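Enquirer: First the structure, then my questions, so here it is.
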Amino acid sequence: MKLQQLVYIREVARRNLNVSAAADALYTAQPGVSSQIRLLEDELNVQIFERNGKRLVGITEPGLAILAITERILQEVSNIKKVSGEYTNEGNGRLSIATTHTQARYALPPAIAKFKKRYPDVRLELHQGSPAHVAELAAKGHADIAIATEAIENFPDLVMLPCHEWNRCVVCPPDHPLTKLKSLTLEALAQHPIVTYDFAVAGRTKINQAFEAKGLTPNVVLTAIDSDVIKTYVELGLGVGILAKMAFDPKRDTALTAIDAAHLFEPSITRIGIRKGAYLRRYLYDFIELFAPHLDRNTVEAAMAGHRLGDDIADEG
């Protein structure tokens, strides 16, 4: 059995049984991948993949067990390489962060700026997408950590670390009728067209639940995954915006007014997701603490060892 063979079967499984796509991803030839998989199956005397002629059409029951073990083996191989890098190139390496637009644009910059001053030779990679997409990147080992509000809890392969509690504001032109109210209400909001997040992004379920609890149906005329897109269309007059409070910058968003809406919606919690069993280099522990100061190395190590962290965290604004 060769380590390369395990890499091949894992990549084929990840590529929905498309051997050609797996070969391309691994920068090798398709016949070689197929041949090595056959050799592995012959050695183990078990079929990993179901076939229809030459085409792979499924994964056998023993194949699923073998792939699960393969994931753990290759995870440990990656950990060995990281341990080596920790001691031979202490200040060098790569930090891959998968996160949503709002976190990348508004929450992460201060931590990243401090991190780059401390570790100028560490290469940063920032991957943006929906919460489900960024969580999947971390769960599959394509990113070191995922930072998002929703979806991380749906991935059992990730350890969840609660970071920041946040809530929402309503944005509108300065002369909008909502700015004249003594106290903003959901009933008043429901009388206006609304521009807000897509269902899979930034705690949208909290918004829906608040209106449903009051028996109201909001007139949502446009949704987006990008806070800046929401503000753009509010400026164009499509409606009032409901967005994360952190995404409003009074110095930049001078054409809009923000009205605090924290009393209308349940707060949301941003979490970091880390793949279970991953080896974390020192600079990754430092980055996590820069982003969420209450998550020091001892706290993170306890969570990685199996001690689940609760969501009772300080609101850091």
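The values are calculated or read from the model by the stated rules, or taken from the named source; none is laboratory data. Source: prediction; values computed, not measured. So basically every Cβ, Gly included, is an ideal-geometry build from the backbone, and we count neighbours across all protein chains shown. For the accessible areas, the whole protein counts, side chains as well, though only heavy atoms, and no ligand, DNA or RNA atoms are used. Shrake-Rupley method; radii C 1.70, N 1.55, O 1.52, S 1.80 Å.
Enquirer: Looking at the structure I just gave you, is Arg38 more than 24 Å from Trp166 (Cα to Cα), open to solvent by 70 Å² or more (accessible area, probe 1.4 Å) and not small (Gly, Ala, Ser)?
Expert: yes
Enquirer: While we're on this one: Give me the residue from region 134-145 that is open to solvent by less than 30 Å² (accessible area, probe 1.4 Å) and assigned to a loop (DSSP other than H, G, I, E, B) and, out of that set, nearest to Val12 (Cα to Cα).
Expert: Per the stated criteria, the residue is Ala143.
Enquirer: Still on this structure, please answer the following. Suppose we keep only residues that are closer than 20 Å to Trp166 by Cα and of a type in the set (S, T, N, Q) within region 224-263. Which one would you say is modelled with the highest pLDDT?
Expert: Here the answer is Thr257.
Enquirer: Follow-up question, since we're still on this one. What are the residues in region 216-237 that are closer than 16 Å to Thr257 by Cβ and of a type in the set (A, V, I, L, M), if any?
Expert: Result: Ile230, Val234, Leu236.
Enquirer: So how many residues does region 114-129 have that are of a type in the set (A, V, I, L, M) and over 18 Å from Tyr285 (Cβ atoms)?
Expert: 1
Enquirer: Within region 10-112, considering only strands (runs of 3 or more DSSP E) that don't extend past its boundaries, which have at least 2 residues that are over 30 Å from Thr270 (Cβ atoms) and at pLDDT 90 or above?
Expert: 49-52, 55-59
Enquirer: Which of the residues that make up region 117-133 are assigned to a helix (DSSP H, G or I) and touching a strand residue (DSSP E or B) at 6+ places or on another chain (Cβ under 7 Å)?
Expert: The answer is Pro131, and nothing else.
Results for (1) surrounded by fewer than 20 Cβ atoms within 10 Å (Cβ to Cβ); (2) under 13 Å from the mean Cα position of the chain (by Cα), shown as yes or no for each residue.
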site: Ala113; (1), (2): yes, no
site: Val122; (1), (2): yes, no
site: Ala132; (1), (2): yes, yes
site: Ile147; (1), (2): no, yes
site: Pro156; (1), (2): yes, no
site: Trp166; (1), (2): no, no
site: Pro173; (1), (2): yes, no
site: Pro177; (1), (2): yes, no
site: Leu184; (1), (2): yes, no
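Enquirer: Cβ-Cβ under 8 Å, sequence separation 6+ or interchain: first residue in region 178-198 and in contact (Cβ under 8 Å) with a residue 60 or more places away in the chain and farther than 18 Å from Asn208 by Cβ, partner open to solvent by less than 50 Å² (accessible area, probe 1.4 Å) and in a loop (DSSP other than H, G, I, E, B). Which pairs?
Expert: The qualifying pairs are Leu178/Leu184; Leu178/His192.
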